[in-house]
1. Can we say GLY42 is within 13 Å of the ligand (Cβ to nearest atom), on the phi < 0 side of the Ramachandran plot and at pLDDT 95 or above?
2. Among the candidates VAL51, VAL77, VAL100, VAL62, which residue alone is within 11 Å of the ligand (Cβ to nearest atom), β-branched (Val, Ile, Thr) and surrounded by fewer than 24 Cβ atoms within 10 Å (Cβ to Cβ)?
3. Going through LYS145, LYS125, LYS111 one at a time, which residue ends up being more than 13 Å from the ligand (Cβ to nearest atom) and surrounded by 17 or more Cβ atoms within 10 Å (Cβ to Cβ)?
4. For residues that are touching a Lys or Arg at 6+ places or on another chain (Cβ under 9 Å) and either of a type outside the set (A, V, I, L, M, F, W, C) or buried (at least 22 other Cβ atoms within 10 Å of the Cβ) (or both), tally how many sit in segment 212-227.
5. Do we find that ARG252 is farther than 29 Å from THR138 by Cα, within 22 Å of the chain's Cα centre (by Cα) and in contact (Cβ under 8 Å) with a residue 40 or more places away in the chain in this structure?
6. With GLY13, GLY36, GLY24 as the choices, which residue is part of a loop (DSSP other than H, G, I, E, B) and buried (at least 21 other Cβ atoms within 10 Å of the Cβ)?
7. Show the residue pairs meeting these rules: Cβ distance below 6 Å; 6+ apart or different chains; first residue within segment 62-77 and among the aromatic types (Phe, Trp, Tyr); second residue within 13 Å of the ligand (Cβ to nearest atom) and part of a strand (DSSP E or B).
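The values are calculated or read from the model by the stated rules, or taken from the named source; none is laboratory data. Since the structure is predicted, the reported quantities are computational estimates derived from the model, not experimental observations. Reconstructed Cβ throughout: ideal geometry from the backbone, glycine too, with neighbour counts over all protein chains shown.
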Amino acid sequence: MKSLVTGGAGFIGSHVVGLLLSEGHDVTVLDSLASGYRENLGRFPEARLIVGDVRDLSLLRVAARGAEVIFHLAASVGNKRSIEHPRLDAEINVLGTLNVLETARDIGVRKVVFSSSAGVFGELKTIPISENHPAEPTSPYGATKLCGEKLCLAYANIYTPIEAVCLRYFNVYGVNQRYDAYGNVIPIFAYRLLRRECITVFGDGEQTRDFINVADVARANLLAAKSRGLSGAFNVGSGSRVSINALVTIMRETSGLDAKVLHAPLRAGDVRDSLADISAIRSTLGFEARVDLRSGLREYIDWAKTSLSGWAI
Ligand SMILES: NC(=O)c1ccc[n+]([C@@H]2O[C@H](COP(=O)([O-])OP(=O)(O)OC[C@H]3O[C@@H](n4cnc5c(N)ncnc54)[C@H](O)[C@@H]3O)[C@@H](O)[C@H]2O)c1
């Protein structure tokens, strides 16, 4: 399968690239390196890296030449970044996605697999969160991801033979995830643990999250790509949740390190509980998360130990 992976030098994209190559597929990566790293692709010399922007339609056409599938992961990622740079967020996430779809239409791509986010749901009203939960995003990022999904599904509806599967990731963690200015909780905790600094927990720490390992997310991407006659939006989570307090305990145990925990007031906009209902992707694609949190965190901390000095904080 000839494929284009936009954002393939990023955290999740690099795992999609690795899995594709391990199955013998042909891979081109288009990445601006805005938040991605060349070294994420260091183990994959077979992947052709084109450094460029998804806002550049003519470059996208070159990068996608002959592709059967486009995995579209390139994005301005996260609520915080989108609140600081809402226009840039929309240009990359909406117009960039439109460019990917236009390219798919031009060259007759069979499938677009779009990386969406649980951020499309906005304020959570019920858990577990099924795909039918109201989608009322509360950040520009959630809004642009929802817009990206709607564009993908409209193209799949109108422009045969394009099919589009949108994957709504919950909290993804794993190797190649660095703590940067927009960091997620696991890289932040790992960074603090490894540097013997205090860990800050917001609120009482009993809020819960659905963490899914990046290897499982990569697998969901390939299952989506291989499906035939399927378009739609699907949750990608582990289907289980863990409290932030429990996460701290597991990270202490798996790292063998200890850190003092400080509590700070809850942050505005943080949801209390999050848990994916994964019955739709299970029944449609046979997807089930395989990596348990403890072993995933052990692998992650081992990697973080060796890479910490390169994190751009
Ligand atoms: N990490 C998570 O928990 C999570 C959760 C939900 C959704 N997602 C989605 O998954 C996808 C991958 O996210 P990630 O966590 O790997 O983040 P990441 O920042 O590591 O990956 C994004 C990649 O896109 C590239 N990029 C950014 N702007 C670009 C542009 N204009 N043109 C070309 N490339 C560009 C970056 O350089 C980077 O390599 C994103 O679409 C993100 O919205 C991630």
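1. Details: within 13 Å of the ligand (Cβ to nearest atom): no; on the phi < 0 side of the Ramachandran plot: yes; at pLDDT 95 or above: yes.
So GLY42 fails the test.
2. Working: VAL77 fails: surrounded by fewer than 24 Cβ atoms within 10 Å (Cβ to Cβ); VAL100 fails: surrounded by fewer than 24 Cβ atoms within 10 Å (Cβ to Cβ); VAL62 fails: within 11 Å of the ligand (Cβ to nearest atom).
Just a single option satisfies the conditions, and that option is VAL51.
3. Values: LYS145 fails: more than 13 Å from the ligand (Cβ to nearest atom); LYS125 fails: surrounded by 17 or more Cβ atoms within 10 Å (Cβ to Cβ).
From the options LYS145, LYS125, LYS111, the qualifying one is LYS111.
4. Taking segment 212-227 first, the residues touching a Lys or Arg at 6+ places or on another chain (Cβ under 9 Å) are 213, 215-216, 219, 224-227.
Right, trim to either of a type outside the set (A, V, I, L, M, F, W, C) or buried (at least 22 other Cβ atoms within 10 Å of the Cβ) (or both) and you get 213, 216, 219, 224-227.
Residues in segment 212-227 being touching a Lys or Arg at 6+ places or on another chain (Cβ under 9 Å) and either of a type outside the set (A, V, I, L, M, F, W, C) or buried (at least 22 other Cβ atoms within 10 Å of the Cβ) (or both): 7 in total.
5. Working: farther than 29 Å from THR138 by Cα: yes; within 22 Å of the chain's Cα centre (by Cα): no; in contact (Cβ under 8 Å) with a residue 40 or more places away in the chain: yes.
When the stated conditions are applied, ARG252 does not pass them.
6. On the way: GLY13 fails: part of a loop (DSSP other than H, G, I, E, B); GLY24 fails: buried (at least 21 other Cβ atoms within 10 Å of the Cβ).
Exactly one of GLY13, GLY36, GLY24 is part of a loop (DSSP other than H, G, I, E, B) and buried (at least 21 other Cβ atoms within 10 Å of the Cβ), namely GLY36.
7. PHE71/VAL5; PHE71/VAL113
Condition check ((1) closer than 20 Å to LEU167 by Cβ; (2) among the polar types (S, T, N, Q)) across all residues:
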{"residue": "LYS2", "(1), (2)": "no, no"}
{"residue": "GLY10", "(1), (2)": "yes, no"}
{"residue": "HIS25", "(1), (2)": "yes, no"}
{"residue": "SER35", "(1), (2)": "yes, yes"}
{"residue": "ASN40", "(1), (2)": "yes, yes"}
{"residue": "LEU49", "(1), (2)": "no, no"}
